[in-house]
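What follows is a set of notes on a single structure, which appears directly below.
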Amino acid sequence: MTHEVEILRELVAIPSVSSLSNVPVVNCALKHLEGWHIERYPYTDAAHTAKVNVVATTARTRDAELAFICHTDTVPFEPDWADAVSGRVANGKLYGRGSCDVKGFLACVLAAVSQTDVATLKKPLAIVLTADEEIGCVGAKYLARKKALRSRHTIVGEPTGLQPVRAGKGYALAEIVVHGKEAHSAFPAQGRSAIFDAGRVLIALERVAKKLASKKNRDFDPPCTTLNAGLIRGGSAKNIIAGECRITVEWRPVPGHDPEWAAHLIREEIARLGEDFRVDFEVKRLDPPFSPSPTHHLSKLLESLSKRPATTVSFGTEAAHLPGSETVVFGPGTMAVAHQSGEHVPLADLKKCVAYFRATIDRFCK
Ligand SMILES: [Zn+2]
């Protein structure tokens, strides 16, 4: 078994769902970084669970020439998925929660640095381990606030099928509460249905989605800011006029467009419904897009190593929270199998990725 596969099996065997502490999986990774300078950034989450972010560097500095950024949490898994923490290897793939999103990347980074004599590096190399990415990039935002590290070249780990990603959409989330008036359903005139009113809000949201789609950014597929009303919940019984209806809406702003634009449009549309409509609109999250970097040294290198052209993605990553450097999102495995039972990563991807990372470290740090 190759070193990166051994490390990945170790990492997958430690459950690190975002609701759990990530300390065990971080400690497992740190075993492979003996002699590095380790800065810990611990915090407790809203459920009082201990979380830690780590910045490991080959020199005592906050300025790195090259940094690998990796989240340590995973999404939850179905209790009946036998391979969730098994790390079973079959048909050239390694199975388990986090195998591709994103412990496979971490295993490749750790294997690559174990094959590098870090004492001889002329420029500082950093490995950053973050907590709570899957629930809103909480750890990355924390490190950004603390100004924990600046890096000239940054590789953020995500399963991109070993294709360099140079830009990504942002992520925004809002809650709409439509207020009505409860009454016996036999006497509708005595109440006001929040569900009927929510229907009009939904049609207004559809208009907003069309407006957003009219402004294109051809670097992306789909080439616009997309909007989704993903959740709706309202009413208390079949024979009660609904007193309240809630709609959860998200949008994914493309770089170059104001991330607040969708919120402006939604407010405008709600106001247009009329003064008798009682609707609250609150933006809960507004993560900026990951804009393309002005330089291309890192993306060009990864393009030539992987022989794949740089691309863009429509999902949010930690890259948006770490501006000021040339940043590329990259990693083994594909997002198409992440976040579901049967998640796996091809062993061939892992092997190639280790070689690419060794070459990248040589190019920037030697
Ligand atoms: Zn991920």
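The values are calculated or read from the model by the stated rules, or taken from the named source; none is laboratory data. Because the structure is predicted, anything quoted here is derived from the model rather than measured. Cβ coordinates were reconstructed from backbone atoms using ideal geometry, including for glycine residues, and neighbour counts include every protein chain displayed. Side chains are part of the model used for accessible areas, which takes the heavy atoms of the whole protein and leaves out ligands, DNA and RNA. Shrake-Rupley method; radii C 1.70, N 1.55, O 1.52, S 1.80 Å.
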Exercise. Do we find that residue 25 is of a type in the set (A, V, I, L, M, F, W, C) and more than 16 Å from the ligand (Cβ to nearest atom) in this structure?
Worked result: no
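Would you list the strands (runs of 3 or more DSSP E) that sit entirely within the range 295-358 and hold 1 or more residues that are without any contact (Cβ under 8 Å) to a residue 60 or more places away in the chain?
Those strands (runs of 3 or more DSSP E) do not exist here; none qualify.
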Seminar exercise, completed: Those residues of the range 214-251 that are modelled with pLDDT under 95, open to solvent by 60 Å² or more (accessible area, probe 1.4 Å) and either in contact with a Gly (Cβ under 8 Å, 6 or more places away or on another chain) or under 18 Å from residue 315 (Cβ atoms) (or both) come to a total of 2
For this session: Name the residue, out of 198, 229, 209, that is outside the structural domain of residue 295 (by TED's automatic domain parsing) and closer than 16 Å to residue 260 by Cα.
Result: 209
Problem set entry | residue 125 vs. criteria open to solvent by less than 30 Å² (accessible area, probe 1.4 Å), away from the ligand (no atom under 16 Å from the Cβ) and more than 21 Å from the chain's Cα centre (by Cα) | yes
Seminar exercise, completed: Filtering the range 57-94 down to residues that are small (Gly, Ala, Ser), more than 13 Å from residue 15 (Cβ to Cβ) and surrounded by fewer than 23 Cβ atoms within 10 Å (Cβ to Cβ) yields 59, 82, 90, 92
Problem set entry | Residues located in the range 349-366, provided they are open to solvent by 60 Å² or more (accessible area, probe 1.4 Å) and over 14 Å from residue 120 (Cβ atoms) | 351, 352, 363
For this session: Collect the residues in the range 255-276 that are in a loop (DSSP other than H, G, I, E, B) and crowded, with 18+ Cβ neighbours inside 10 Å, keeping them in residue-number order.
Result: 255, 257, 259
Problem set entry | All positions within the range 302-331 that are open to solvent by 30 Å² or more (accessible area, probe 1.4 Å), over 13 Å from the mean Cα position of the chain (by Cα) and not polar (S, T, N, Q) | 303, 305, 307, 308, 309, 323, 324
Exercise. Does at least one position in the range 332-346 carry a residue that is open to solvent by less than 30 Å² (accessible area, probe 1.4 Å), closer than 16 Å to residue 156 by Cβ and at pLDDT 95 or above?
Worked result: yes
For this session: Answer yes or no as to whether residue 307 is basic (Lys, Arg), on the phi < 0 side of the Ramachandran plot and assigned by TED's automatic domain parsing to the domain that holds residue 161.
Result: no
Exercise. So, of the residues in the range 134-190 that are out of contact with any Asp or Glu (no Cβ under 7 Å at 6 or more places or on another chain) and among the aromatic types (Phe, Trp, Tyr), which turns out to be farthest from residue 284 (Cα to Cα)?
Worked result: 187
Exercise. Which residues, taken from the range 65-91, are within 16 Å of the ligand (Cβ to nearest atom) and farther than 25 Å from residue 357 by Cα?
Worked result: 75, 76, 77
Exercise. So, in the range 144-202, of the ones that are in a strand (DSSP E or B) and within 16 Å of the ligand (Cβ to nearest atom), which residue ends up most open to solvent (accessible area, probe 1.4 Å)?
Worked result: 171
Exercise. Taking residue 321 and the conditions (1) more than 29 Å from residue 5 (Cα to Cα); (2) within 16 Å of the ligand (Cβ to nearest atom); (3) at pLDDT 95 or above, which numbered condition does it fall short on, given that it satisfies the others?
Worked result: (3)
